[in-house]
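Chemist: One structure, as structure tokens, below. Some questions next.
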Amino acid sequence: MPDRALKVVPSAHQAPLPLERLILTESPDAEAVSMDVLFVGGGPAGLAGAIALARLVKADNEAGGDLGDVQIGVLEKAGALGEHSLSGAVVNPIAIRALFPELKDKDFPFRAPVGGERVYFLTRSRAVRIPTPPTMKNHGYQIASLCEIVRWLGEKAEGLGVNIFTGFPAASLFAEGQRVTGVRTAPSGLARSGDPKSSYAPPTDITAQITVLAEGTRGTLAQAYLEWQKVASDNPQIFALGVKEIWETLTPLDALVHTLGWPIPKDCFGGSFMYPLSRNLVALGLVVGLDYKRTSDDVHEMLQRMKMHPLFRDLLESGEMVEWGAKTIPEGGYYALPKRRHGDGLMIVGDSAGFVEVASLKGIHYAMQSGMFAARAAFNALKKKDTSSASLKEYDTMIEGSFIAKDLYRRRNMRLAFQESNFYVAGFKAGLMTVTGGALPGGKIASHPDAAVARAALPPEPFVPDGKLTFSKLDAVFKSGNATRDDIPSHLIVGPDITPEVADLYTHMCPAGVYERDGERLVVSPANCIDCKATDVLGPRWTPREGGSGPKYRQM
Amino acid sequence: MANVFAFVETRGTDVRKVGLEAVTAARMLAEKSGGGEVHALLLGPPGIAAKATQVGQYGADTVIVVEHPGLANYSPEVATATAADRIKSGGYRAAVFSTSAQGRDLAPRVAARLGVSIVTDVLSFEIEGDSIVVRHPMNIGKVIATIAIAAKPAIIAMRPNVIAPARNAKAGKVENAQPSIDPATARVKVIETRQGGGGKLDLAEAPVVIAGGRGLKTAENFKLVEDLASAFGNAAVGATRAVTDDGWRPHSDQIGQTGRLVSPELYIAVGISGAVQHLAGMRTSKTIVAINKDKDAPIFKVADYGIVGDVFEVIPALTLAVREAKKHH
Amino acid sequence: MKIAVCVKRVPDMDVRFRIGVDNVSVDEAGLKFDINDFDAWAVEAALKLKDKVAGSEVTVISLGPDVVQETIRKALSMGADRGIQLKADKVPFDGLVIAKALSAELKTGGYDLVFFGKMSPDSSNGVVGPMAAELLGLPCVTAISSLEIADGKGTAKRELEGAQEIVEFSLPAVLTVDEGLNAARLPSLKGIMAAKKKPLEVKPAQLAEPQVTVRKMELPPERKAGRVVGEGASAVPELVRLLQTEAKVL
């Protein structure tokens, strides 16, 4: 990286988390809705947790237990389940099988079992086949659409009497001393100015004995809780941004494909995936670490360029893009996990806790399993009538003793190796880690938060999308189903001193075109936001906004 | 050989264009079924009888004139009863209405009263043996259904602007008749018909529609669109939902999935990005032109011709050019 | 007041549709469904009256298979009091069949007002409301964009092409609702919970024989790709030339 270039350090321009808004010490409204256990987030973690808890309660009641009617709620910010869910995905079915022991694999909402796999190293013009690294072997797993999994889980949950509230984002936690006593949802129907329009609906207060935060990647309330409670982790959490598309193709894709190398710059971590969802439907995407080194690094654009490579072009050229989306992925692994994921009246599950294994790109089964553990701990707590931190510690104990912790520990330095060195050295280290089952290189590699990494302010390589194979961010956002009203108030908190170079960083960081540099200043179009959370990691802070805003993913 | 009934929509003492479309369509249907007569029903206040000749010019063998002072405004119950009675007694093969606002109110009632089904928003029709087979758009125009109507009479309501009224002078023999019920006893009374905006050409009838969107930036800038419309002379002005939601234009100007469906010869989209729900309202226009400063705007995908540019520069230039072109027409 | 609202479950229109293998239906795989927007406005109109007139009750009725219960529950979570599902394997294509089944049920209810949405975007026919009114022998005003009810009478506005009608009608009556009458209230969290406890009766639908049949459903022909003629005001002469000579619309 040329030293002469101006350097931008994102953290210098970020606003802090608005804790005073996110953690409320006032009492909930007298009219508050009362729940026993509330799951914040209707993704795989929250829904699996709600289902597991409902089943435990049902079994207990049928066996003569005295719990009675336990009100379980799931709050989901999207207008319908699945609309904000996005993943590759290749799923390890271990958790869903454990959740539904009475069902067979064919009953689960998977698309197809993994068949062949191929890994390539790409240069601009060539694709070199390399042996599949053992960490990426997916035999025995299932190709799936996370949206479909979530909708399926939602039906199961509703069948069990779980209250699912879609279109209700949790905007704040209620705290009484150290205890979390519930949440307040976001209002809707505010104008850009902040004044209520005729469609205004005020926030709703919900009290709960136990609140389970299952907000997914870079969860706002999870961050707020951990900061408020001063819960540390060995390493800061770090993130990658994945931009994904679904294409209808004329010819079928016959295997899982992963690529490394071009067009990801050598000093960036990442790779691409391409999975067959069905005979003529393909999911593909590019995942790049947010510790990239230039303000002009643009993951959406890298994906567009990548599609022009013959390996992809040949398959996609005669087809049509039907969906587009993006989401960040926590990549810090074992050492970035918060040391405590429970508290008085609270647990944190899934991506919000960081349960993602980068080397294998897996997180869905960890999300579900952690939700199920939280359900078990919540059930026991309700039985004991003790929802204190000491009681809910059982959740963390279960995590530590499970395959979640074991898997993450084994691969604990994998991603971090890439922070240190260039790709090839890192690849060697990663290989070493795999071969030695994590024993070498030992110790713990320290990591830096993405926002602390300096980026050179360099101009981008010009790129003009053709509108057929490659797309502008505006066209892409249209395909995410985002129909957020234009006059929505901005949910993004812009920090200090936004220089033109910082504006450039934001412009390229955001896959949805929320940020644009106009002359010297930053222009923000918050309605474009698809809730990927890249902005929260590197730029303006993301806060919960009106329910139903954002993308409407269908098969992502 | 089968006779076909046509309902001729009026407003006050004027025959509306969609009324003549119904007569032309009825004529076409009659021809397709081996020849037959077209009987047209004309309801209105005193003075409507004078319009019978015009109706005859467009293909009616008989014009049933129901002239009554209580019919200064549309009277749904009178129209329903009178049309239904006539269709029943006349033994018609089919009855043709329009899918105008009035037609949507009237035609289904007539059908229900006669105990037969109805298809509205019909694009085309054929006779196939004992059935009348029509094409009808569904799913905001994304699907076209071909539907066979077995009922007799077959009741259809044509999409406005799809059948051009065609002169085909027939006898136009006037038959004076009374309304089937006394307008004073109607339980639904239109007490006033308020003209909107004075003499503006209606969106569904205009051969040219010019629609403005958010790209115009303010309500006042709609003047640009109105100027272009007046340069054409036969154009109506429409708007997108974004713009009507903001109150820049009246709700009735909204072209889109939940607003007006239009199918003009020429549709010009000014400063419109092309949201799917807008496209649904105009995608069947014969020629679509788009002007937008964003070359990636989705509207360019459906436009036959596009200009990427600043609407504030392009529209005035286009207005001048159209005026010139019309001068030499 | 006793008010009824007839509602329909319709697919999200913002997708590319596929024709089913039978060629006479739309493939429902992957489609997302919700209450017809027009019917949501109809429910809102009913609820506004309920809010104004003490002791009123709103009944929501839908015809179709068990999935329509979701749609009825949505209306209940907005504030309607009870629901009725007229159970049928499929929603019939023939509007008259639907109108007959609904009016058979409505006849027994003694309703002061019956609301329908003006039309549904899938079938796009817009006939069920006025047909039901006719079968019930009730006055009917379609496509209302404003409404006032007082002393057993009503006044409504209807949008016409370039004009507006002011209509007076007596109760009981059937009204169909157009966009612009109101904005449907979002179900509150409490409303969603309360809806689970409200009564939802299931009865078999009385279906008559249809008089129309679908011969075929197909996607409209693709519009031929157009082209950008140029940039800025300088492209205007070329556009005009094309409109004159090629498109022949000028």
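The values are calculated or read from the model by the stated rules, or taken from the named source; none is laboratory data. Remember, it's a predicted structure, so these values are computed and weren't measured experimentally. Ideal geometry is used to build each Cβ from the backbone, glycine not excepted, and the neighbour counts take in all protein chains shown.
Chemist: Hey, among the residues in the range C:225-250 that are in a helix (DSSP H, G or I) and more than 8 Å from chain B (Cβ to nearest Cβ), which one's surrounded by the fewest Cβ atoms within 10 Å (Cβ to Cβ)?
Modeler: Of everything passing the filter in the range C:225-250, C:245 is surrounded by the fewest Cβ atoms within 10 Å (Cβ to Cβ).
Chemist: Can I ask one more? For the range B:172-190, which residues satisfy the criterion of being surrounded by 11 or more Cβ atoms within 10 Å (Cβ to Cβ) and either polar (S, T, N, Q) or in contact with a strand residue (DSSP E or B) (Cβ under 6 Å, 6 or more places away or on another chain) (or both)?
Modeler: Across the range B:172-190, the qualifying residues are B:172, B:173, B:174, B:175, B:176, B:177, B:179, B:180, B:187, B:188, B:189, B:190.
Chemist: Additional query: Can you name every residue in the range A:360-412 that is hydroxyl-bearing (Ser, Thr, Tyr), closer than 30 Å to residue A:63 by Cα and not in a helix (DSSP H, G or I)?
Modeler: Answer for the range A:360-412, where residues must be hydroxyl-bearing (Ser, Thr, Tyr), closer than 30 Å to residue A:63 by Cα and not in a helix (DSSP H, G or I): A:387, A:388, A:402.
Chemist: Also, I was wondering about something else. For the range C:58-87, what are the residues that are in a loop (DSSP other than H, G, I, E, B) and either of a type in the set (Asp, Glu) or within 14 Å of chain B (Cβ to nearest Cβ) (or both)?
Modeler: C:66, C:81
Chemist: On the given criteria, is residue A:349 without any contact (Cβ under 8 Å) to a residue 40 or more places away in the chain, surrounded by 24 or more Cβ atoms within 10 Å (Cβ to Cβ) and within 30 Å of residue A:175 (Cα to Cα)?
Modeler: Here the answer is no, as residue A:349 does not meet what is asked.
Chemist: Using the structure shown, decide if residue B:327 is more than 19 Å from residue B:239 (Cα to Cα), more than 9 Å from chain C (Cβ to nearest Cβ) and more than 27 Å from the chain's Cα centre (by Cα). Can you show your working first?
Modeler: Values: more than 19 Å from residue B:239 (Cα to Cα): yes; more than 9 Å from chain C (Cβ to nearest Cβ): yes; more than 27 Å from the chain's Cα centre (by Cα): yes.
It is true that residue B:327 is more than 19 Å from residue B:239 (Cα to Cα), more than 9 Å from chain C (Cβ to nearest Cβ) and more than 27 Å from the chain's Cα centre (by Cα).
Chemist: When you go through (1) in a strand (DSSP E or B); (2) free of Cβ contacts under 8 Å to residues at least 60 places away in the same chain; (3) acidic (Asp, Glu) one by one for residue A:102, which number turns out not to apply?
Modeler: All conditions pass for residue A:102, except number (1).
Chemist: Residues C:100, C:90: which one is away from chain B (no Cβ under 14 Å), among the charged types (D, E, K, R), over 27 Å from residue C:190 (Cβ atoms) and over 15 Å from the mean Cα position of the chain (by Cα)?
Modeler: Of the residues listed, the single one that is away from chain B (no Cβ under 14 Å), among the charged types (D, E, K, R), over 27 Å from residue C:190 (Cβ atoms) and over 15 Å from the mean Cα position of the chain (by Cα) is C:90.
Chemist: I'm checking my understanding of the structure. Among residues of the range A:238-263 that are touching a strand residue (DSSP E or B) at 6+ places or on another chain (Cβ under 6 Å) and of a type in the set (D, E, K, R), which one is farthest from residue A:121 (Cα to Cα)?
Modeler: Per the stated criteria, the residue is A:248.
Chemist: Which of the numbered conditions does residue C:35 fail, given that it passes all the others? Conditions: (1) within 11 Å of chain B (Cβ to nearest Cβ); (2) surrounded by 24 or more Cβ atoms within 10 Å (Cβ to Cβ); (3) over 27 Å from residue B:113 (Cα atoms).
Modeler: Answer for residue C:35: the failing condition is (1).
Chemist: Right, another one. Residue check, residue C:125 against (1) touching a Gly at 6+ places or on another chain (Cβ under 8 Å); (2) surrounded by fewer than 24 Cβ atoms within 10 Å (Cβ to Cβ); (3) not small (Gly, Ala, Ser), all met but one. Which one?
Modeler: (2)
Chemist: For residues that are more than 22 Å from residue A:394 (Cα to Cα) and of a type in the set (Ser, Thr, Tyr), tally how many sit in the range A:355-372.
Modeler: 1
Chemist: Kindly check whether there is at least one residue in the range C:11-25 that is within 14 Å of chain B (Cβ to nearest Cβ), loosely packed, with under 15 Cβ neighbours inside 10 Å and within 20 Å of residue C:67 (Cα to Cα).
Modeler: Yes.
Chemist: Mind telling me which of the residues B:244, B:284, B:218 ends up being within 29 Å of residue C:177 (Cα to Cα) and over 16 Å from the mean Cα position of the chain (by Cα)?
Modeler: Values: B:284 fails: over 16 Å from the mean Cα position of the chain (by Cα); B:218 fails: within 29 Å of residue C:177 (Cα to Cα).
Checking each option against the conditions leaves just B:244.
Chemist: Is there any pair with a first residue in the range B:93-119 that is at pLDDT below 95 and a second that is buried (at least 24 other Cβ atoms within 10 Å of the Cβ) and part of a helix (DSSP H, G or I) whose Cβ atoms are under 7 Å apart and which are 6 or more apart or on different chains, and what are they?
Modeler: Listed pairs, sorted by first residue: B:100/B:18.
Chemist: Another one. Considering only residues that are within 23 Å of residue A:82 (Cα to Cα) and assigned to a loop (DSSP other than H, G, I, E, B), which ones fall in the range A:326-359? Steps first, please.
Modeler: To start, the set of residues in the range A:326-359 that are within 23 Å of residue A:82 (Cα to Cα) comprises A:326-331, A:347-358.
If the condition is that a residue be within 23 Å of residue A:82 (Cα to Cα) and assigned to a loop (DSSP other than H, G, I, E, B), then A:331, A:349, A:353, A:354, A:355, A:356, A:358 are the ones that fit.
Matching residues to (1) within 12 Å of chain C (Cβ to nearest Cβ); (2) of a type in the set (S, T, N, Q); (3) in contact with a Cys (Cβ under 6 Å, 6 or more places away or on another chain):
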site	(1), (2), (3)
B:63	no, no, no
B:66	no, no, no
B:71	no, no, no
B:77	yes, no, no
B:82	no, yes, no
B:97	yes, no, no
B:106	yes, no, no
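Chemist: Can I ask one more? Please tell me if residue C:148 is facing chain B (nearest Cβ under 10 Å) and either on the phi < 0 side of the Ramachandran plot or modelled with pLDDT of 90 or more (or both). Before the answer, list the steps.
Modeler: On the way: facing chain B (nearest Cβ under 10 Å): no; either on the phi < 0 side of the Ramachandran plot or modelled with pLDDT of 90 or more (or both): yes.
No: the conditions fail for residue C:148.
Chemist: Do the conditions hold for residue B:81, that is, is it under 30 Å from residue C:173 (Cα atoms) and in a helix (DSSP H, G or I)?
Modeler: Criteria met by residue B:81.
Chemist: Here's another thing I want to ask about it. From the list B:284, B:319, B:244, exactly one residue is without any contact (Cβ under 8 Å) to a residue 60 or more places away in the chain and more than 7 Å from every other protein chain (Cβ to nearest Cβ). Which is it?
Modeler: B:244
Chemist: Which of the strands (runs of 3 or more DSSP E) found entirely inside the range A:136-192 contain at least 3 residues meeting this: of a type in the set (A, V, I, L, M, F, W, C)? Outline the logic, then answer.
Modeler: On the way: elements: A:163-166, A:170-176, A:179-185, A:188-190.
Hits in the range A:136-192: A:170-176.
Chemist: Can you name every residue in the range A:506-532 that is crowded, with 24+ Cβ neighbours inside 10 Å and in contact with a Phe, Trp or Tyr (Cβ under 6 Å, 6 or more places away or on another chain)?
Modeler: If the condition is that a residue be crowded, with 24+ Cβ neighbours inside 10 Å and in contact with a Phe, Trp or Tyr (Cβ under 6 Å, 6 or more places away or on another chain), then A:506, A:515 are the ones that fit.
Chemist: Can you find a residue in the range A:283-294 that is within 30 Å of residue C:17 (Cα to Cα), within 14 Å of chain C (Cβ to nearest Cβ) and not in a helix (DSSP H, G or I)?
Modeler: no
Chemist: Could you give me the residue pairs with C-beta distances under 6 Å whose first residue belongs to the range C:215-236 and is at positive phi, whose second residue is small (Gly, Ala, Ser) and not in a strand (DSSP E or B) wherever it lies, and which are 6+ apart or on separate chains?
Modeler: C:232/B:309
Chemist: Looking at (1) surrounded by 22 or more Cβ atoms within 10 Å (Cβ to Cβ); (2) more than 10 Å from chain C (Cβ to nearest Cβ), which is the one condition that is false for residue B:296?
Modeler: (1)
Chemist: Moving to a separate point now. Hey, residue B:231 hits all of (1) in contact with a Lys or Arg (Cβ under 7 Å, 6 or more places away or on another chain); (2) within 10 Å of chain C (Cβ to nearest Cβ); (3) not aromatic (Phe, Trp, Tyr) but one; which does it fall short on?
Modeler: Answer for residue B:231: the failing condition is (2).
Chemist: Still on this model: Residues that are at the interface with another protein chain (Cβ under 9 Å from one of its Cβ atoms): list the strands (runs of 3 or more DSSP E) wholly contained in the range C:162-204 that include at least 3 such residues.
Modeler: In the range C:162-204, the matching strands (runs of 3 or more DSSP E) lie at C:163-170.
Chemist: Applying the selection to the range A:157-175, what residues are away from every other protein chain (no Cβ under 11 Å) and either basic (Lys, Arg) or free of Cβ contacts under 8 Å to residues at least 60 places away in the same chain (or both)?
Modeler: Matches in the range A:157-175: A:159 only.
Chemist: Take the range A:535-556 and flag every residue that is aliphatic (A, V, I, L, M) and either assigned to a loop (DSSP other than H, G, I, E, B) or within 14 Å of chain C (Cβ to nearest Cβ) (or both).
Modeler: A:556 - this is the single residue of the range A:535-556 that is aliphatic (A, V, I, L, M) and either assigned to a loop (DSSP other than H, G, I, E, B) or within 14 Å of chain C (Cβ to nearest Cβ) (or both).
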